[in-house]
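The values are calculated or read from the model by the stated rules, or taken from the named source; none is laboratory data. This one's a predicted model, so the numbers in the text were calculated from it and none came from an experiment. FYI the Cβ positions are ideal-geometry reconstructions off the backbone, even for glycines, and counts take in every protein chain you see.
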Amino acid sequence: SLGERRAKAEKMFGLMDGFLKNDPMSLQKDILEHVEYTVARSRFSFDDFEAFQALSHSVRDRLIERWHDTHQHFKKQDPKRLYFLSLEFLMGRSLSNSVINLGIRDEYAEALSQLGFGFEVLAEQEGDAALGNGGLARLSACQMDSLATLDYPVWGYGLRYQYGLFRQIIVDGYQHEQPDYWLNFGNPWEIERVQVSYPVKFYGTVEEKTSNGVRYNVWTPGETVEAVAYDNPIPGYGTRNAINLRLWAAKPSGQYDLESYNTGDYINAIVDRQKAEAISNVLYPDDRSYQGKELRLKQQYFFVSASVQDIIRRFKDVHDNFDEFPDKVAFQINDTHPSLAIAEVMRVLIDEERLDWKRSWEIVCQTCSFTTHTVNAEGLEKIPVDLLGSLLPRHLQIMYDINHHFMEELKRKIGQDYSRIERMSIVEEGVVKSIRMANLSIICCHIVNGVSRAHFELLKTRVFKDFYDLWPQKFHYKTNGVTQRRWIVVSNPSLCCLISKWLGTEAWIRNVDLLAGLREHASNPVLQQDWRMVKKINKMRLAEYIETLTGVKVSLDAMFDVQIKRIHEYKRQLLNILGIVYRYDCIKNMNKSDRKKVVPRVCIIGGKAAPGYEVAKKIIKLCHAVAEKVNNDADVGDLLKVVFIPDYNVSVAELVIPGSDLSQHISTAGHEASGTGSMKFLMNGCLLLATADGSTVEIIEEIGAENMFLFGAKVHEVPQLREKTALGVSLQFIRVVRMVRDGYFGFKEYFKSLCDSLDDDKDFYLLGADFSSYLEAQAMADREFVNQDNWTSMSILSTAGSGRFSSDRTVEEYAKQTWGIEPCKCPF
Ligand code: Z57
């Protein structure tokens, strides 16, 4: 029996000890064994990539051990678990992160060096797991790291796309997209669970039934696809806990009769069935435009349905009464993308578990919480009713029923205000009748969270005002954070050592508030000198990378000024480029002695444009056009270099962020819900040049405005500025736009529309209005950079003040205030 087998294993190995040894000799033996038996190369001859494969399999074994023990422990304790549903997880690389979190990095490094390999070199062999677009997806990844580290009983659920976010290549300054077939070389971090699979139904018909006076529906699907689980262990730092990220892949369903009359029929039927796999084929590369595509809806339901089946099965393994469900289960709905989960849980409770409507509704409301990442109501997800009704007929019914109940309640509460009732309805009666997924989520979830305080204010006053006025107690915010394990320990080892040295402890890696202890040393010349040395090392790495990729040689004495993030009009990369044009123009107009006073700059921009986003693609081209002109101008030399870093992703960020002096977060106020890039820069001691938007408002409170370069219109000023017709745009702005318009950088026709969009009456993102204030902030940064002691002190204070922006703090707030879960620590 299972019990006997367990007792035997316990006697032989000690259940919690683990089988594997972690001294360098054992690790070395392990790696060689994996070379021989897993990678199937000779242990006497293998290259860097094969060494990486063997190494990661050896790490994987250790992950699996902890992951088993953690789940054993969770099973025994049966705590309330959080199920984190997200359509995107941007994990990046796993090797360094894993060995650091397991606490055996040095042991591995030693084992490898005896074999003649460098750990860093092998780590570079790994490709990114890019199953997400940008901020939202990387946030999920950071939160998983924190949840594991803080011992929370959590499962992540998502989709295992075969193609992640496209690779960006630049040809003649234009973006081209290449498929990211990331599984080509195998993925050592996942565990395929062929036996964990669920059928997911689509299309078909619904028939109402009654049994013992309880009404329910029977859904006969038109198509069934199998969801197969791929498990990805997520190790915590300084704990034995390793949680699971379960990603679903679509496979043709096993239960299916083929009726064929000839070979052709048979072959075609098989080929047809194979099309089921298309569901999890590819990540949508534009996370903010909803085109009402069937495949996207299929992806959403596919992952939601498989996850809900898995979660309910796990619940029913131990419990037989759904009254206990809200004490054991919390669903976190990451943006509206997984919000079909609401209707799906309703459907399962009513149609399969035969609970009545009212009880099902109570259970769903108590278990679901929702985080929104959006600032504008127009950007909210809508699904055409026709599409939903054909793909998920029963879910559409359920949504109508939910809406019916809600409309009744609303009329009782607010009376005759029909336009407000219309706005709050789940159903939008437009040209295309559709379902508003945000309204559905707000109505069902017991808590709605924003991602920063400023975002919360916008939710209350604009985006969800109608709902806030009805249910103010539902609305909250948890300011985003990022994990210091990835963004300092993994990506900036030199800084990590320096911090630990001055704090006299490594405890800040788990308890990030301790970083504040650096404050008292901020003006200590000894620390300052080491601090600058660390920055220099990181700048050297970055400079090498830039030269290899773009051929541009940059001076280490220059200020490295960086803006890396998705290309978007509201993020205003265009403002940055126009600022660069202004700087260039100034240098050109200076005499030789004035040029000597210029603070040299390397302006670095990187980011992907969604494939269908014309304007963003033009911005990328403009960046290259300006770079081409500036970098080849002998008058300018090292005073100004412009670099576009291609194919920005997590691992590129890990290289660029530690090597930058200044970073830009310059969205039009009121448009960035939070922003998380700024927090990574902050932790790495980079100064921020920013608008008071999103989480920057809270960063100012922690760091102090005097340690940052702030500029631009405030959130409350933006609507007024847009009303005004004559903005009093500065002459400098008119001049730089004219330079682009007149073809100073070439491609006059191509850039015309960009320039037109900056006309006084069209400049929606207020580049013109903010331009002079932007230039002042830039000039201030130049002045401060000259005084390196002061700059270094500001840099130290940035790191010292970054503690609040750790995802450890964020998830703890979620755990206590939203999910109601507690740590469940696996004994060592
Ligand atoms: C996305 O990455 C974000 C918001 C969205 O609505 C979608 Br869809 C994707 C970003 C916000 O723009 C950032 O401001 C925020 O920091 C991030 O989500 C994480 O909350």
Can you pull out every residue in region 634-644 that is in contact with a helix residue (DSSP H, G or I) (Cβ under 8 Å, 6 or more places away or on another chain) and in a loop (DSSP other than H, G, I, E, B)? 635, 636
Listed residues 427, 432, 364, 375; which is over 28 Å from residue 302 (Cβ atoms) and aliphatic (A, V, I, L, M)? 375
Among 338, 384, the single one that is within 16 Å of the ligand (Cβ to nearest atom) and either surrounded by fewer than 24 Cβ atoms within 10 Å (Cβ to Cβ) or modelled with pLDDT of 95 or more (or both) is 338
Of (1) at pLDDT 95 or above; (2) within 19 Å of residue 301 (Cα to Cα); (3) touching a Ser or Thr at 6+ places or on another chain (Cβ under 7 Å), residue 253 satisfies all except one. Which? (1)
Out of everything in region 645-659 that is of a type outside the set (Phe, Trp, Tyr) and in a loop (DSSP other than H, G, I, E, B), what residue ends up being farthest from the ligand (Cβ to nearest atom)? 646
Given (1) surrounded by 16 or more Cβ atoms within 10 Å (Cβ to Cβ); (2) out of contact with any Leu (no Cβ under 9 Å at 6 or more places or on another chain); (3) assigned to a helix (DSSP H, G or I), where does residue 370 come up short, assuming only one miss? (3)
Quick one: what pairs do we get from region 561-581, first residue aromatic (Phe, Trp, Tyr), second within 16 Å of the ligand (Cβ to nearest atom), C-beta under 7 Å, 6+ apart or different chains? 570/667; 570/668; 570/671; 570/765
Could you pull out the residue among 250, 306, 227, 269 that is free of Cβ contacts under 8 Å to residues at least 12 places away in the same chain, among the hydrophobic types (A, V, I, L, M, F, W, C) and at negative phi? 269
Is it the case that residue 659 is at positive phi and in contact (Cβ under 8 Å) with a residue 12 or more places away in the chain? no
Picked from region 574-612 (must be among the basic types (Lys, Arg) and not in a loop (DSSP other than H, G, I, E, B)), the residue farthest from residue 660 (Cα to Cα) is 592
Quick one: residue 642 ticks every box in (1) under 28 Å from residue 122 (Cα atoms); (2) crowded, with 24+ Cβ neighbours inside 10 Å; (3) away from the ligand (no atom under 16 Å from the Cβ) bar one, so which box is it? (1)
For a quick check of your reading of the model, give me the residue pairs whose first member lies in region 532-546 and is under 17 Å from residue 790 (Cα atoms) and without any contact (Cβ under 8 Å) to a residue 24 or more places away in the chain, whose second is outside any helix (DSSP H, G or I) and of a type outside the set (Val, Ile, Thr), with beta-carbon atoms closer than 8 Å and at least 6 apart or on different chains. 536/556
Do we find a residue being within 16 Å of the ligand (Cβ to nearest atom), charged (D, E, K, R), part of a helix (DSSP H, G or I) and closer than 23 Å to residue 280 by Cα anywhere in region 140-151? no
Give 409, 378, 429 a once-over and let me know the one that is without any contact (Cβ under 8 Å) to a residue 24 or more places away in the chain and within 16 Å of the ligand (Cβ to nearest atom). 378
For the list (1) touching a residue at least 60 places away in the same chain (Cβ under 8 Å); (2) aliphatic (A, V, I, L, M); (3) not in a helix (DSSP H, G or I), I need the number of the one condition that residue 435 fails. (1)
Candidates 215, 240 - the one that is among the charged types (D, E, K, R) and modelled with pLDDT under 95: 215
For residue 213, only one of the following conditions fails: (1) touching a residue at least 12 places away in the same chain (Cβ under 8 Å); (2) surrounded by fewer than 12 Cβ atoms within 10 Å (Cβ to Cβ). What is its number? (1)
Is it the case that region 174-197 has a residue that's within 20 Å of residue 653 (Cα to Cα), touching a helix residue (DSSP H, G or I) at 6+ places or on another chain (Cβ under 9 Å) and away from the ligand (no atom under 16 Å from the Cβ)? yes
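Residue-wise test of (1) more than 16 Å from the ligand (Cβ to nearest atom); (2) on the phi > 0 side of the Ramachandran plot; (3) of a type in the set (Val, Ile, Thr).
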residue: 453; (1), (2), (3): no, no, no
residue: 462; (1), (2), (3): no, no, no
residue: 466; (1), (2), (3): yes, no, no
residue: 478; (1), (2), (3): no, no, no
residue: 499; (1), (2), (3): yes, no, yes
Taking region 341-366, which residues are without any contact (Cβ under 8 Å) to a residue 60 or more places away in the chain and either among the polar types (S, T, N, Q) or within 16 Å of the ligand (Cβ to nearest atom) (or both)? 360
Taking first residues from region 676-700 that are on the phi > 0 side of the Ramachandran plot and second residues anywhere that are within 15 Å of the ligand (Cβ to nearest atom) and in a helix (DSSP H, G or I), the pairs with Cβ under 8 Å that are 6 or more apart or on different chains are 694/454; 694/455
May I ask you to verify whether residue 538 is surrounded by 15 or more Cβ atoms within 10 Å (Cβ to Cβ), among the polar types (S, T, N, Q) and within 18 Å of residue 682 (Cβ to Cβ)? yes
Any residue that is in contact with a strand residue (DSSP E or B) (Cβ under 8 Å, 6 or more places away or on another chain) and within 16 Å of the ligand (Cβ to nearest atom) - is there at least one of those in region 102-125? no
Exactly one of 288, 273, 296 is out of contact with any Cys (no Cβ under 9 Å at 6 or more places or on another chain), under 30 Å from residue 178 (Cα atoms) and either more than 16 Å from the ligand (Cβ to nearest atom) or small (Gly, Ala, Ser) (or both), and that one is 273
Return yes or no: is residue 780 in contact (Cβ under 8 Å) with a residue 40 or more places away in the chain, of a type in the set (A, V, I, L, M, F, W, C) and over 30 Å from residue 804 (Cα atoms)? no
Being within 19 Å of the chain's Cα centre (by Cα) and among the hydrophobic types (A, V, I, L, M, F, W, C) is the filter; apply it to region 273-287 and report the residue that is nearest to residue 610 (Cα to Cα). 283
Kindly evaluate residue 770 against the criterion of being surrounded by fewer than 19 Cβ atoms within 10 Å (Cβ to Cβ) and either modelled with pLDDT of 95 or more or not in a helix (DSSP H, G or I) (or both). no
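Residue by residue, here is whether (1) assigned to a helix (DSSP H, G or I); (2) modelled with pLDDT of 95 or more; (3) within 19 Å of residue 241 (Cα to Cα) holds:
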| position | (1), (2), (3) |
| --- | --- |
| 9 | yes, no, no |
| 15 | no, no, yes |
| 19 | no, no, yes |
| 59 | yes, yes, yes |
| 67 | yes, yes, yes |
| 83 | no, yes, yes |
| 96 | yes, yes, yes |
